[in-house]
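Throughout, read-outs are computed from the coordinates displayed, never taken from laboratory work. Worth saying up front: this structure is predicted, and the values here are computed from it rather than measured. FYI the Cβ positions are ideal-geometry reconstructions off the backbone, even for glycines, and counts take in every protein chain you see.
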Amino acid sequence: MGRYIVKRIIYMLLTLFIITTITFFLMHSIPGDPLAHMAKNLPEQVKANYYKKYGLDQPVIVQYGKFLKNVFTEGNLGESLRYPGRSVTETVLNNSKVSGRVGVQAISLGIVIGITLGIIAALFRNKWPDYLVMFIAILGVTVPSFIIASLLQYTFTVKFQLLPTTGWGDMKHTILPTIALAFSPIATYARYMRSNVLEVINQDYILTAQAKGVGTFSLITKHILRNAILPVITILGPQIAGIFTGSFVIERIFGIPGLGSYYITSINDRDYTMIIGTTVFYAAIFVVAQLVTDILYGIVDPRIRVSNDNE
Amino acid sequence: MEKILEVKDLNISFHTYAGEVKAVRGVSFDLHRGESLAIVGESGCGKTVTAKSIMRLLKEPPAEIKPGSQIIFDGKEDIVKMNRKRLKSFRGADVSMIFQDPMTSLNPTMTVGKQIMETLQIHKGMNKTEAKKEAIELLKIVNIPNPEVRINNYPHQLSGGMRQRVMIAMAISCNPKILIADEPTTALDVTIQAQIMDLLNELKDKFNTAIILITHDLGVVANFADKVQVMYAGEIIERGTREEIFYKSMHPYTWALLNSVPRLDTESKQELYSLGGTPPDLILPLKGCAFSSRCEYAMEICLERKPETTQLSPTHSLCCWLQHPDAPKVNRSEVVRGEING
Amino acid sequence: MEAIPKDKFRRVEIDSKEAEKMARPQISYWQDAWRRLKTNKVAILSLIILFLIVIMSIIGPIISGYEYEEVDPKSLNQPPSSEHWFGTDELGRDLFSRVWQAGRVSIIIGITGALISAIVGTIYGGIAAYFGGKVDNIMMRIVEILYSIPYLLVVILVSIVTDSKSLGSMLIALTLTGWCGTARMVRGQMLQIKSQEYIMAAETLGVKPSKIIIRHLIPNVLNVLIVSISFSIPNYIFSESFLSFIGLGIQPPNTSWGALASAAQQKFIFYPYQLFFPGLMIALTMLSFTLLGDGLRDALDPRLRE
């Protein structure tokens, strides 16, 4: 088990490193002048100073080295190109609090409701609860989030005037975005859980349990669920990734000042340091989420937790 | 000896997309306390379906136990008519079952100990401590070394033979009157096979449990069963004591089964015997004897009418037209090669 | 016993081959799969819907009577009417033509993306599976690392870099890591098949590796490949619309469903129909491909063969 964890951590660091490097070099490979928008009105000397400040006068490798050093020793992701003086790290952290709130709510909702619905669908296979759950799940998986979000927005804020359209501040501002964001994980978990439960139900050990006289409730909780839920844990990592990318869209629609909408703005502004910083942050979250998922799975599945020692 | 089980005119069908598959056709037999019965036949002959129906483990639908079928337990209750509540107390306590593949038959996420304790807690109402003690005792009975350690192992940490022993421990934990073993040794090595069969014999004598052994392997039967029933296409075509089936069988199918058992003294150039053809498709209505299409001795009457039952001794009977006084005589010893040492 | 005529006890010649005759007619794998698919009403419905959408994408811009880039300052933001079946946008362009023109782009991107990643993935996975050992190890390590990089991040980054926003650069961005999933799946299937004896037989007979890969391995992964393609098409359509939504995708006057949706989103509350039609098309297309994929998977699964 220990070896398993160590291996996973190494993978995580490696991936993070690679993503950071690739992002850095990609941004620096973009032709054109990163400070072009500022350069129009400034005298040469001032521009040169700015270049020096951002280290843009150095060769790329040197810049890369400095960048790595800053990130790993101070967590310093540099300064925004668009708004000099604004620390990338600070901005990222501030905005991520906002996104994080909606994100955590959405994924919690997604897991709880999704798994429950999936179980119900499997137990009532081919009867109306199954069809209903599968219908909702299919919609959640195939209809893009901006459509669902727009529909929700239209229905609840315009037609029925129940909730604020956009903005941020109160609990009520988080309701619609959370629901919109939760649609996709609910759907994914429901589908996945359903197929896992169905697969487990057909296993021999369920027949054994029935032959022992195990009652329906124990059968479901101790035998079916315990085995069906294992693979579902493995998709937790990618789900979290999905929540974050989904947030780009949701934040824009609901006017939430989160990291996602800031990311889009930086992209459109070509604020390269911001882009690099945010990307690295996202990447870090994704890989850590994947790591946590892997470790969690290792703990829950006895086949990994307790190593094989045949007589 | 009282009858612990009486199966009367059991008919079971499966409703599939292609039609109704008649898997079990009019099967009747009895089982006495402490008796061991082997049900032998090819895959698909209905033996597992019969066994599962004794515990009502078939999913109904698509399976249907036809009206008129009866499975009387201990002379008192009809298993076919048991309700859910009674079935729950019935399974695992009055009758229990062990299955073919011990790797997939045990819950991979529960310790072996907990799985045994589960039966004890459900049927005997034991608490955790009592159940754990009893589980360790059970592991000792099935000859698992180091039971105090093994009880906390997960199935994947045990070998195939040990897992099957755990299955047996679970099955006998509540002292069932009948233990059904569905191909218990098919997935195991030959040496382990012998150990498991010995264990079953031991338990049978110790606890006076009746055992129904389902198998396609006559070699396993030779050392084990008191009575043997041969099934083909959903029917019992011959039944008798072990001696009668091995030394005095009269049905061509039984002969074929006996001949298929590889023997140590076969000449090296001799071909292994195999019966040509495949069992009939059970969706079709069967006219005549089910075995006729593969039988060397088939006669016209065999294709037209089902044979009647001939009683050769109080314990030995079969269904075959060769028994009819007008049928040509076939010498058994010319057909069945050698004897299998029972 | 009743009397039975003596001649009934004559021996009959039994042809054991007759006994092996099966009651149910034998049909090939593909015929069986097609039969099963046909009975799946949902899948057939999806197929029909997709067919209609494709047809409309081809003829839509032609039958509408307007050019998709044609600007009409006099009819800005008109709701659907008999003149403009889907209404007009903020520059007065006919939305009906624009939606179907966009359809061409989105569908082409979806299908091309899926095909590219399928082909690249299959070749890569095939080579890895065939050679096994160290080659396989290295190749799969690379895939694992690429795969763990969040897909949309890659797409975004590459789009920023290439910046030209043409169809080609978008496809590159979308497929750069998209083939990894296919590669893993194909490799897994092939490893399973490779361990079967008829491959060993072919090798022993001296058949060239490339021939073995093409003749034996690939046809047998075809069934999972078909299902995989059918699921990845909606993913690519979604990714493209996502890109457009955040401003990195197709630029005007060219358009895709995602771009239309993005432009319409801001004023959605005032002109809901502008978002409704492209949104509906995206949803319908993705839904149909997914349902079709489900149906194909059930139909092609050899274990469900009846």
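Distance between the pseudo-spin-label points of residue C:137 and residue A:216 (7 Å out from Cα toward the beta carbon): 5.3 nm. Let me make sure I get this right: for chain C, a, b and c are the square roots of the gyration tensor eigenvalues over alpha carbons, sorted descending. Under 1.5 in a/c it's rounded, otherwise prolate if a/b > b/c, else oblate. Which is it? Cα axes put chain C in the oblate bin. Between residue B:175 and residue A:5, what is the FRET efficiency for a Förster distance of 45 Å, r being their Cβ-Cβ separation, to the nearest 0.05? FRET efficiency, residue B:175 to residue A:5: 0.50. For the listed residue pairs B:3/B:85; B:227/B:329; B:22/B:52; A:212/B:124; B:204/B:227, the alpha carbons are over 18 angstrom apart in B:3/B:85; B:227/B:329. One chain, two ends: residue A:46 and residue A:68. Fully extended at 0.36 nm per residue, the span grows by 5.2 nm beyond their Cα-Cα distance.
For region A:93-270, the spread of Cα positions along the three principal axes, ordered from largest to smallest, is 64, 35, 26 Å. Only alpha carbons enter this Debye calculation for chain B, each as an equal point scatterer, and the log10 of I(q)/I(0) it gives at q = 0.11, 0.13 Å⁻¹ is -0.77, -1.04.
For the peptides C:253-259, C:133-139, B:98-104, the ranking by packing is C:253-259, B:98-104, C:133-139, with the highest mean count of neighbouring Cβ atoms within 10 Å listed first.
The lysines within cross-link reach of residue A:66, meaning a Cα-to-Cα straight distance under 18 Å and a gap of 8 or more places when in the same chain, are A:52, A:53. Take each residue of peptide B:325-334, count the partner chain Cβ atoms within 10 Å of its Cβ, and average: the result is 2.
For the residues of A:216-227, the average number of beta carbons from a partner chain within 10 Å of their own beta carbon is 2.
Please report the relative contact order for chain B, taking Cα pairs under 8 Å with a sequence separation of at least 6, and give it as a percent rounded to a whole number. That works out to 20 percent. Only helices enter the 222 nm calculation for chain B: every DSSP H run of n ≥ 4 contributes -39,500 (n - 2.57), and dividing by all residues gives -9000 deg cm²/dmol, rounded to 500. Note on B:48-60: average number of Cβ atoms from other chains within 10 Å of each residue's Cβ is 1.
Can you give the FRET efficiency for residue C:11 and residue C:31, using 1/(1 + (r/R0)^6), R0 = 60 Å, r = Cβ-Cβ distance, to the nearest 0.05?
Computed FRET efficiency for residue C:11 and residue C:31: 0.90.
Counting only residues at least eight positions apart within a chain, or on another chain, the lysines with an alpha carbon under 27 Å from that of residue A:7 are A:69, C:134.
What do you get for the angle between helix C:218-245 and the principal long axis of chain C? Use alpha-carbon atoms, 0 to 90 degrees, nearest ten. Between helix and principal axis, roughly 10 degrees.
The spacing between region B:219-237 and region B:31-102, judged by their C-alpha centroids, is 17 Å.
Of all DSSP beta bridges confined to the protein assembly as shown, the antiparallel ones make up roughly 65%. The Rg/Rh ratio of the protein assembly as shown, with Rg taken over Cα atoms and Rh as the Kirkwood radius over Cα pairs, comes to 1.06.
How much length is gained on full extension from residue A:94 to residue A:76, taking 0.36 nm per residue of separation minus their Cα-Cα distance? Spell out each step's value before the answer.
Values: separation 18, 0.36 × 18 = 6.48 nm, distance 1.44 nm.
Stretched fully, the residue A:94-residue A:76 segment lengthens by 5.0 nm.
How would chain A be classified by its alpha-carbon gyration tensor: rounded, prolate or oblate, with rounded meaning a/c under 1.5 and the a/b versus b/c comparison settling the rest?
Working: a/c = 3.51, a/b = 1.63, b/c = 2.15.
Oblate, because a/c is 1.5 or more while a/b does not exceed b/c.
Counting pairs of alpha carbon atoms under 8 Å apart in space and at least six apart in sequence, what relative contact order in percent does region A:154-311 give?
It rounds to 23 percent for region A:154-311.
To test your reading of the geometry: what angle, between 0 and 90 degrees and rounded to tens, separates the Cα axis of helix A:259-269 from the longest principal axis of chain A? Roughly 40 degrees between the two axes. Based on Cα contacts under 8 Å between residues 6+ apart, chain A shows a relative contact order of 27 percent. Centre-to-centre separation between the Cα atoms of region C:243-306 and those of region C:97-111: 10 Å.
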